[in-house]
1. Based on this model, can you work out whether B:Arg222 counts as within 16 Å of ligand 2 (Cβ to nearest atom) and surrounded by fewer than 16 Cβ atoms within 10 Å (Cβ to Cβ)?
2. If B:Ala122 satisfies all but one of (1) more than 7 Å from chain A (Cβ to nearest Cβ); (2) touching a residue at least 60 places away in the same chain (Cβ under 8 Å), what's the number of the condition it fails?
3. Assess whether B:Ser103 counts as being within 16 Å of ligand 2 (Cβ to nearest atom), in contact (Cβ under 8 Å) with a residue 24 or more places away in the chain, within 14 Å of another protein chain (Cβ to nearest Cβ) and among the polar types (S, T, N, Q).
4. Scan the stretch A:318-335 residue by residue and report those that are open to solvent by 20 Å² or more (accessible area, probe 1.4 Å) and at the interface with another protein chain (Cβ under 7 Å from one of its Cβ atoms).
5. Give the stretch B:60-115 a look and list any residue that's over 16 Å from B:Val156 (Cβ atoms) and of a type in the set (D, E, K, R), or say none.
6. In the same structural domain as A:Gly247 (by TED's automatic domain parsing), out of contact with any Asp or Glu (no Cβ under 8 Å at 6 or more places or on another chain) and assigned to a helix (DSSP H, G or I): is that true of A:Ala176 in this structure?
7. Any residue at all in the stretch B:126-142 that's among the charged types (D, E, K, R), closer than 21 Å to A:Ile332 by Cβ and not in a helix (DSSP H, G or I)?
8. From the list B:Arg15, B:Arg83, B:Arg73, pick out the single residue that is charged (D, E, K, R), open to solvent by 20 Å² or more (accessible area, probe 1.4 Å) and within 14 Å of ligand 2 (Cβ to nearest atom).
Amino acid sequence: MRALKIAGLAMNGLRRSPLRVTLTTLGVTFACGALVTMVALAIGIQRQVETPFRALAMLNNIQVRPKEGKDADKAPPLDDAALANIEKLPGVAAAYPDVHIKGIKVRYEKKEAIAIGIALPREASLLGVADEFIVAGRLFDEGNRPEAILGLSVVKELGFKTPAEAVGKQIALEAAGLTPDGGDKFTYQQTTMALTVIGVYEAPALLPGAARQGILLPVELMKDIPGIHLDSALSRLKSGGPIVTSGYASATVRVRDPAMLHEVQVKLTAMGFSTEAMLNKLQHMRQFFLAIQMLLSVVGSVALIIAALGIVNTLLMAVMERYQEIGLCKAIGASDGDLFILFLTEAGIIGCLGGLTGLGLGWLVSQLMELVAGFYARGQGITGRLNLFAFPLWMVAVTVAFAILVSIVAGIYPALRAARVDPIRALRSH
Amino acid sequence: MESSDCFIETRGLSRQYRVGPAEIHALVEVDFHVQKGEFVAILGVSGSGKSTLLHLLGGLDTPDCGCVRVGDRDLAGMTSMERTIYRRTVVGFIFQSYYLVGSLTATENVALALTFQGVFGAERTRLAAESIERVGLGLRASHRPNQLSGGEQQRVAIARAIVHRPALLLADEPTGNLDRATAAEVMGLIHQVHRDLGTTVVMVTHDEEMAARVADRVLRIRDGRLEGAGGSA
Ligand SMILES: Nc1ncnc2c1ncn2[C@@H]1O[C@H](COP(=O)(O)OP(=O)(O)O)[C@@H](O)[C@H]1O
Ligand SMILES: [Mg+2]
């Protein structure tokens, strides 16, 4: 109670030299502003990068590839039979090939677009994932109708004014590619399909334009696209093993529960595949971002420490200027501790004001940078808000707390000087 | 005199300062008694040790030897914190140069003392206003020191010194910065406080005539030695 009331006197002390206190506070403001902007950027970008992981529930996924390197020729192929076997493993929800085929022609009436074919398992809709990327229509459901989901850029190229307009329309797909037919021969094949557009997706803002250029097909339709076995066959040929005509270069295995990840991974390895859990990838990324955040925090903290030197200076001057007043206060009953608290509070107030205004400044700067980056991004065909910066509540709180803490530490020496003022000397000084 | 009314008692009180090789005897073997409710004036030229004595009586300083008792307290044996609490509760100080805080109004200057004395809120406001009223500055309560004359500033300082009703008021040349007429007014105010509140007053001055007019007893100090009667009047 007493300490609180003594602390209440601090504002009066600070009002005495408004310009000096303002300048000192500005030092803290800029330091905190820089700190906040940098850390917010690191957190913001991390979130952007992690969005697909979360939104696509990728953390239950294991990426499976055929073994490469030394014994690649003896490794089992990653084909439909292997995927069927994998699906039978306990804990596995689904196993499907990861296929990206470039140069797929999509036609609607007179208009044409070139898209990237991507396989999407029909189960995706059951998992309730990826919903947030669908801007019109829906995901695939069970069944085997010839359906497709188009990227926003493809929809625009095909001449639709809005995503919703494309939903339900019939499009034609035309794909051509090389299919391995055993030995070292490949056959050129062409396929056309008639598909119904059931949905339109938008990619996260940070992803490049190509991410909106896709045509998502159910896995079973994708298997009819020529060229999906080409990569696997080529790498098999290069390693000198027997040619496999129906292998995939990569597949995704979904486990029911992240707790099963390790167990399934061990079994897949035993089957002769190389595996990597997405969770693992995410953790590596997190470590990277943590390192970046630490680095930026250290840089920002250096600025804050320099600002703290300003606080030391300002308060030492205040102690000198108020030398007689401090002596008087002691004569009328202030204890050494009272004066210590008083000056420490003045430091804390500077830190608090600086921290809060620094947050404001950081936010303002980040908005400006967001604007500039958004302007630039539109030039690169990226639309929508980038959300490069994130201001989670914990960061706001930690920043202000840190500014106050550093300032209070800076106030310790001046406060000790005030506490140690000899009242007799102070009152004799004229 | 060892009467039961004896409020202040010093015995062999000495204070010296060492400046390089020289030793300055600011106070030498002072034996001194003040009765409860007495108004004692101490006369002496500059450098004779008047302030040193007041600082010892007020618990701002500690003696090199000898003892000083106020009420039933032995000041020489107190810890620093005990002396702080003694100043906070028993003593009121008035100085030659007022020592008001320039950024605070008259009432706020008085309230500042109350804050250190642990009085807060409405009680503090009431007591501060009452004290300002008592020294006749009711209309000047919200003025800052630079809007007040020297005499008025010293009145504020007096209000601050008596706001917690101290048993002992120590005044160090309270009229030293004032012209004669104003000095007489301020002296009158101190006398009035002494009379109305029954406060024991020890006042240091070099104005002999003024001292004789208001004090119950006048003592002289020269080169750190108290002259004349060490006892009561
Ligand atoms: N801190 C100090 N160091 C050295 N000498 C001091 C100190 N304080 C006071 N003195 C000396 O002690 C003597 C008494 O001082 P003081 O009590 O202030 O006298 P007065 O108040 O009567 O003018 C003076 O000679 C003064 O110079
Ligand atoms: Mg003096």
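1. yes
2. Result: B:Ala122 fails condition (2) only.
3. On the way: within 16 Å of ligand 2 (Cβ to nearest atom): no; in contact (Cβ under 8 Å) with a residue 24 or more places away in the chain: yes; within 14 Å of another protein chain (Cβ to nearest Cβ): yes; among the polar types (S, T, N, Q): yes.
In short, no.
4. A:Gln324, A:Glu325
5. Passing the criteria: B:Asp61, B:Asp64, B:Arg69, B:Asp72, B:Arg73, B:Asp74, B:Glu82, B:Arg83, B:Arg87, B:Arg88.
6. Values: in the same structural domain as A:Gly247 (by TED's automatic domain parsing): yes; out of contact with any Asp or Glu (no Cβ under 8 Å at 6 or more places or on another chain): yes; assigned to a helix (DSSP H, G or I): no.
Spelling it out, it is not the case that A:Ala176 is in the same structural domain as A:Gly247 (by TED's automatic domain parsing), out of contact with any Asp or Glu (no Cβ under 8 Å at 6 or more places or on another chain) and assigned to a helix (DSSP H, G or I).
7. Restricting attention to the stretch B:126-142, the residues satisfying the condition of being among the charged types (D, E, K, R) are B:126, B:130, B:133-134, B:140.
When the remaining residues are screened for being closer than 21 Å to A:Ile332 by Cβ, the result is B:126, B:130, B:133-134, B:140.
Filter again for not in a helix (DSSP H, G or I), leaving none.
No, there is no match, as no residue in the stretch B:126-142 is among the charged types (D, E, K, R), closer than 21 Å to A:Ile332 by Cβ and not in a helix (DSSP H, G or I).
8. Sole residue among the options that is charged (D, E, K, R), open to solvent by 20 Å² or more (accessible area, probe 1.4 Å) and within 14 Å of ligand 2 (Cβ to nearest atom): B:Arg15.
The values are calculated or read from the model by the stated rules, or taken from the named source; none is laboratory data. Source: prediction; values computed, not measured. With ideal geometry, Cβ positions are generated from the backbone for all residues, glycine too; neighbour counts draw on all protein chains shown. With ligands, DNA and RNA removed, areas are computed over all heavy atoms of the protein, side chains included. Shrake-Rupley method; radii C 1.70, N 1.55, O 1.52, S 1.80 Å.
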